[in-house]
Every structure is written in C-alpha cells, then in structure tokens.
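Every number in this text was worked out from the coordinates using simple rules, so none of it is lab data. Quantities reported herein were computed from a predicted structural model and do not represent experimental measurements. So basically every Cβ, Gly included, is an ideal-geometry build from the backbone, and we count neighbours across all protein chains shown.
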Amino acid sequence: MLPLQARTQELWGKHNPGLDTSPMEVVALVKRITGLLDRAVEEIYDGAALTTAEVELLVPLRHADAPVTAGRLATRLGMSRAGVSKTLAKLEKRGLITREVNPADRRAALISMTPTGENIIDDLFPRELEAHGKLLRDLGRNRKNVIDALTRLAETMESQLNTQNPQ
C-alpha cells in the first residue's frame, strides 16, 4: 500500500492527468516538519502566557537595538502584514509591547517590548529552543546540508513571491 501522500498524488493524477502534482512532495514534507515542531512545544505552550505565533514576533524584538515597524517585522519573518498587525494589537493590549508614532513616517508605528514582555519571552523561548534542539540533535554531520537545502527552498519561494507580488 502506498503512503497517503503518494496515494493522493496518484489519485489526483488519474482524476486530472494534466495536473502537476510534484509540488505536493515538498509541501507535504514542509507541513510534516511544521507539525512535528509544533508537537515538540505543545507542553510548553499549554497554559502559557503566549502562543507560538506571538513568540515568533517577540523573539526578534527582544534584543532589537531600536524599535521596529510592523512592516519590517512581517518582511523579516515572511509573514503577512495583516497577521503581524493583528497579533501586535493583541500583544499591545496585554502590555507586552508598546507602539509609538514613527516621526519619519506617521503611518508606521515603532514597536518595542515592555519589561513584562521581555520577562515572558525570556522564560518561554529558551524552553522552545531546548525542545527543538532535542528534535534536531541527531542530524550530526547532515546538519549543514539540511540548513543549506532549507535555505535554498526558502530563498526560491521568497524569490517567486517577490516576483509575483513586488512590494
């Protein structure tokens, strides 16, 4: 019996012979990896003060030399501006970040972490890193190859999106 992904590809190919199902191979692996990373930190975030999405935004802010705009955060993290803005609004409401008017561009707010936000991220993020480190420790000598391949994948995808939707 074929694995689910291969069977799905086969069925789609039969149903629609002209359909290129090859992207499923990469996408399925990326989703599987994402799911495994999420599973590794479930216990850490169960009942925690932050979600993984919130931590993702706060980590680059934690040691930023200067306040950052939402647009810059979104670009840096490869996230949508709308999603970043929505999450930042929640974090601000809870007192974990501050937003101040940017004197250089009044349309963009400058975002900084509050001491409360710093304390929470200082507690959660090291535990997340430890959990992810356990998952990845057996890569050994393959680690660089994996990082190179993932970097190439990210850059290829980014390039395609930037070509399709220049900002």
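Taking every alpha-carbon pair in the chain and binning the separations at 5 Å intervals from zero gives 1, 7, 12, 15, 16, 16, 13, 9, 5, 3, 2, 0, 0 percent. Highest average first, the peptides 15-22, 76-83 ordered by how many other beta carbon atoms sit within 10 Å of their residues are 76-83, 15-22. Close amide H pairs (under 5 Å, H built 1.01 Å from N) link residue 97 with 92, 114, residues at least 5 positions away or on another chain. Only lysine pairs 8 or more places apart, or on different chains, with alpha-carbon atoms under 29 angstrom apart are counted in the chain, and they number 6. Under the membrane-span-like helix rule (DSSP H runs whose alpha carbons stretch at least 24 Å along the helix axis, mean Kyte-Doolittle hydropathy 1.6 or higher), the chain yields none.
Taking every C-alpha pair closer than 8 Å and separated by at least 6 residues, the mean separation divided by the residue count of region 1-84 gives a relative contact order of 14 percent.
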